[in-house]
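Q: To start, I am sharing the structure in question, which I have written as structure tokens.
The values are calculated or read from the model by the stated rules, or taken from the named source; none is laboratory data. In this text, all values refer to a predicted model and were calculated from it rather than measured experimentally. Methodologically, a virtual Cβ is constructed for each residue, glycine included, from the backbone with ideal geometry; neighbour enumeration extends over all protein chains shown. Surface accessibility is based on the protein's heavy atoms, side chains included, excluding ligands, DNA and RNA. Shrake-Rupley method; radii C 1.70, N 1.55, O 1.52, S 1.80 Å.
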Amino acid sequence: MTAYRMRLLNTLVLTLGLPSVFLGGTSPTVSADSGVTETARDYGDGCVLYSDDKTATIDSLRLHCSAEQQDAIFHDAPLGAVPMGTTDGWVTRPPVMQTIAPALWIGKTFYTGPEGGYLLNKLTGAGIESWPADVYAGPALTDGQPTWVLDYTPSPTPQVYDEIREVAPGVWFGYSWWRGEFQTTLLLTFALA
């Protein structure tokens, strides 16, 4: 069975609440420590996170998950691993930024170890590395739980402050904030893989 058909099958199985063996798929693997390991997490209406398919997860976050579902995904996610190396990036909302962003921003390159480090953004289609941020663990603005902070204090826009969590293996989702003098405002949400 092709990977595409398997993803469709998994979505159908999750939507109908059927065990995957019923439709000829494989049953989830069981870990020794606490039960079932999920191959996909379904938030409804096509908003699915796949533990074994980064591309399908990114497409789901960008094209199928509502703002409320994206927020639930972030709140449900643990801190996860810090990104390391080059990641591609996509704006997931608002729609106008999804259209504009690819001409200006295409991802981030992380120079990190297990405790954090720094990053440079990849700008334009040429992937020019610029716009630094410090990377460290801290409490999220949204729920106070641990998140990876991308602090742009050393950049030309020190008011920008991002926070991300690993929502599926090798996929991070997060928020980009503008820290104003009197309030902090959400600029956009984004995904990295």
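Q: Test residue 55 against the stated conditions and say whether it is open to solvent by 70 Å² or more (accessible area, probe 1.4 Å), farther than 16 Å from residue 176 by Cα and modelled with pLDDT of 95 or more.
A: Values: open to solvent by 70 Å² or more (accessible area, probe 1.4 Å): yes; farther than 16 Å from residue 176 by Cα: yes; modelled with pLDDT of 95 or more: yes.
Yes; evaluated as a whole, the condition is true for this residue.
Q: Which of the numbered conditions does residue 17 fail, given that it passes all the others? Conditions: (1) modelled with pLDDT of 95 or more; (2) farther than 23 Å from residue 172 by Cα.
A: In the conditions (1) modelled with pLDDT of 95 or more; (2) farther than 23 Å from residue 172 by Cα, residue 17 misses (1) alone.
Q: Identify, by number, the condition in (1) under 23 Å from residue 54 (Cα atoms); (2) part of a strand (DSSP E or B); (3) open to solvent by 30 Å² or more (accessible area, probe 1.4 Å) that residue 147 doesn't meet.
A: All conditions are met except number (3).
Q: Turning to a different aspect of this structure: Being open to solvent by 20 Å² or more (accessible area, probe 1.4 Å), over 30 Å from residue 41 (Cα atoms), under 18 Å from the mean Cα position of the chain (by Cα) and at pLDDT 95 or above is the requirement here; does residue 120 meet it? Can you show your working first?
A: Details: open to solvent by 20 Å² or more (accessible area, probe 1.4 Å): yes; over 30 Å from residue 41 (Cα atoms): yes; under 18 Å from the mean Cα position of the chain (by Cα): yes; at pLDDT 95 or above: yes.
For residue 120, the condition - open to solvent by 20 Å² or more (accessible area, probe 1.4 Å), over 30 Å from residue 41 (Cα atoms), under 18 Å from the mean Cα position of the chain (by Cα) and at pLDDT 95 or above - is met.
Q: Hey, residue 185 hits all of (1) over 26 Å from residue 56 (Cβ atoms); (2) of a type in the set (Ser, Thr, Tyr); (3) in a loop (DSSP other than H, G, I, E, B) but one; which does it fall short on?
A: Against the list (1) over 26 Å from residue 56 (Cβ atoms); (2) of a type in the set (Ser, Thr, Tyr); (3) in a loop (DSSP other than H, G, I, E, B), residue 185 comes up short only on (3).
Q: In region 171-182, how many residues are part of a strand (DSSP E or B), open to solvent by 20 Å² or more (accessible area, probe 1.4 Å) and without any contact (Cβ under 8 Å) to a residue 24 or more places away in the chain?
A: Residues flagged as part of a strand (DSSP E or B), open to solvent by 20 Å² or more (accessible area, probe 1.4 Å) and without any contact (Cβ under 8 Å) to a residue 24 or more places away in the chain within region 171-182 amount to 2.
Q: Is it the case that residue 83 is closer than 26 Å to residue 153 by Cβ, of a type outside the set (A, V, I, L, M) and in a loop (DSSP other than H, G, I, E, B)?
A: Numbers: closer than 26 Å to residue 153 by Cβ: yes; of a type outside the set (A, V, I, L, M): yes; in a loop (DSSP other than H, G, I, E, B): yes.
Taking the combined requirement at face value, the residue satisfies it.
Q: Looking only at region 161-187, how many residues end up being at pLDDT 95 or above and more than 14 Å from residue 141 (Cβ to Cβ)?
A: Going through region 161-187 one residue at a time, the tally reaches 8.
Q: Could you check, for region 157-164, whether at least one of its residues is open to solvent by 60 Å² or more (accessible area, probe 1.4 Å) and within 19 Å of residue 81 (Cα to Cα)?
A: As a first pass, look at region 157-164 and keep what is open to solvent by 60 Å² or more (accessible area, probe 1.4 Å): 159.
Then drop every residue that is not within 19 Å of residue 81 (Cα to Cα), which leaves none.
Looking for residues that are open to solvent by 60 Å² or more (accessible area, probe 1.4 Å) and within 19 Å of residue 81 (Cα to Cα), one finds none in region 157-164, hence no.
Q: Follow-up question, since we're still on this one. Output the residues belonging to region 38-75 that are free of Cβ contacts under 8 Å to residues at least 24 places away in the same chain and of a type in the set (A, V, I, L, M).
A: Residue satisfying the conditions is 63 alone.
Quick grid of which residues meet (1) under 25 Å from residue 41 (Cα atoms); (2) free of Cβ contacts under 8 Å to residues at least 24 places away in the same chain:
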{"site": "94", "(1), (2)": "yes, no"}
{"site": "97", "(1), (2)": "no, no"}
{"site": "110", "(1), (2)": "no, no"}
{"site": "114", "(1), (2)": "no, no"}
{"site": "133", "(1), (2)": "no, no"}
{"site": "141", "(1), (2)": "yes, no"}
{"site": "146", "(1), (2)": "yes, no"}
{"site": "153", "(1), (2)": "no, yes"}
{"site": "169", "(1), (2)": "yes, no"}
